[in-house]
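What follows is calculated from the coordinates using simple rules that are stated; it is not laboratory data. Owing to the predicted nature of the structure, the values given are computational and were not obtained by experimental measurement. Here the Cβ positions follow ideal geometry from the backbone for every residue, glycine too, while neighbour counts run over all protein chains shown.
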Amino acid sequence: MTVAERALAALDETALVTLTQELVRLRSINPPGDEAAVAAYIAERLQRAGLFAEVVPHPEAGRASVVGGLRGRGNRPALLLSGHLDTVPAGESWQRPPLAAEVDDGKLWGLGSSDMKAGVAAMLVALEAIQRSGATLQGDLLFAGTAGEEVDSMGAKQLVAQQKLGRVGFVIIGEPTANQVYTAEKGVLWLELRTHGRTAHGSMPHLGVNAILHMLTLLQALRALEVPYQRHPLLGDFTLNVATIHGGVKTNVVPDACAATVDLRTVIGQDHQQILDQVRQLIDRLCAEDATFQAEVRVLTERVPLDIPVDDPHVQAFIRVRDAVTGQPTVPRAATYATDGSVYVPAYRIPMVICGPGLPEKAHQPDEYVEIAKIVEAARIYTLAALELLA
Ligand SMILES: [Zn+2]
C-alpha cells in the first residue's frame, strides 16, 4: 500500500458525517458569533487524535478561533486548510429545524451545513487520516477554524496578527464550491453614509432640514456615479448595492439624522481609496450645491479582490489531484463573495484555491443542505492534495 492508499483507507466516512452533524448542532450564529464552543470541540478532537491544537480566544466574550495540525519534518512552508466556524442567522422560512442536522436522502440538512461546516469536517477528517497513515510531511499541515468570517474575517485577521500560523506557503479555503476550483474572489468595500439635518414640527417642514431627503439625494447621486473598472474575465462587473437605511423618529417630526450602508463589490484593478475619494468628492459637490446639505462617509469593512494565477505550481498540483478524485476537468471559477483568503493571500503573499463540498447556491438559504457524497469527495481531495503538496 502507498501512503496515499493508506490515508484514503483511513478516511472514515461514517465519522465524517457524524462530525458534520456535531458541528452543525453547535450553534455559532454570527452575529453575535459564539464560535468558542465549536473551537473548543475541534481542539479537543484534534488533540485526541494525536494532533496539536490551540484555541485562540478573541476579545469578545464567547468568541474564539482554533489552530491545529500535524508538524512536518522538512523545510517546506506550511499548507493551510482553512474554514470558518460561524454561520449566518437562519431566516424565517426554514421548513426543517436548522440545528438538528437531519440526514435524509443522501443529504445533511442544517444551518451552516454547506457554508461551511461540511468543509471544516472534511478538512479535519483528512488531517486525521493523514496522521493515521503515518505519512512523513515535508512541511506543517495546518488547520485554521476561524471566527467571524461572515462579517469581517476577524478570526483570520487575529491569527495572522498573532503569528499563529508560522510560515504558510499555500492555502486551501473550504467555502462552498461543490468541489469546483475557484481561483479568484471579489473585493468588498462596505460604506456607511450619514446625513444630518435639523428637526422641526412635521407641520412646518420648511423650518427644518430633512436628513432623509438629503440621504435620498446622496444615494441617487452615488448610484449615478461612474466608478471606473475593467470587467474581469472571472469576476465580472463591479457592483453597488444600497443595503440598509435608518432615519426619523416620529411621523410628525422632520428627521435630523439618517444613516445608510452600501455594499460595493470590487474587481481586480480597482483601488478602494480611490473609490472612497470619489464618494467624498461627491459629498463635497452636493454641499456646494445646497448650503443645508451635510453628510459624511466611513469605511465599515474592506477586503481586497484576489486573482490567483492558475499556472501557479501549487494551484496546478491541487487541480491535478482534484480532477483525479472527481473525474471532472477543472474550469477555474471565481467567488462573487469574499473569503478569509482576502486576509491570508496579501499577508503571506501566497497563492490559494477555494474548494469545498458545500453547494454555493445553498449558502445563506433556508433549508440549507450539503450532499454527503460531496463531503466524502472533499475529504479525499484534501487528503491527497496535502500529501502531494507536502511530499
Ligand atoms: Zn462561508
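Overview of values
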item	result
Convex hull per residue volume in Å³, alpha carbons only, for the stretch 100-239	254 Å³
Range of Cα positions in the stretch 187-303 per principal axis (Å), largest first	54, 26, 19
The stretch 113-187 - Debye-derived log10 I(q)/I(0), Cα point model, q = 0.12, 0.21, 0.22 Å⁻¹	-0.41, -1.22, -1.30
Neighbour-count ranking [beta-carbon atoms within 10 angstrom, fewest first] of Met154, Met352, Met204	Met204, Met154, Met352
Hull-based mean projected area of the stretch 273-348, where the convex hull spans the alpha carbons, in square nanometres	7.6 nm²
Rg/Rg_ref, the stretch 51-119, where Rg_ref = 2.2 N^0.38 Å and atoms are Cα	1.51
Cα-centre dipole for the chain with unit charges at Cβ (Lys and Arg positive, Asp and Glu negative), debye to 20	660 debye
The stretch 1-40 - convex hull of alpha carbons, volume per residue in Å³	77 Å³
Volume of the Cα convex hull of the stretch 1-114, divided per residue and given in Å³	133 Å³
Charge dipole (debye, nearest 20) of the stretch 187-303; +1 at Cβ of Lys and Arg, -1 at Cβ of Asp and Glu	240 debye
Non-local Lys pairs in the chain, i.e. 8 or more apart or on different chains, that have alpha carbons under 21 Å apart	9
Relative counts (whole %) of C-alpha pair distances in the chain, using bins that are 10 Å wide	5, 22, 29, 21, 12, 7, 3, 1, 0
Calculated on alpha-carbon atoms, Rg and Dmax of the stretch 250-289 in Å	15.1, 47
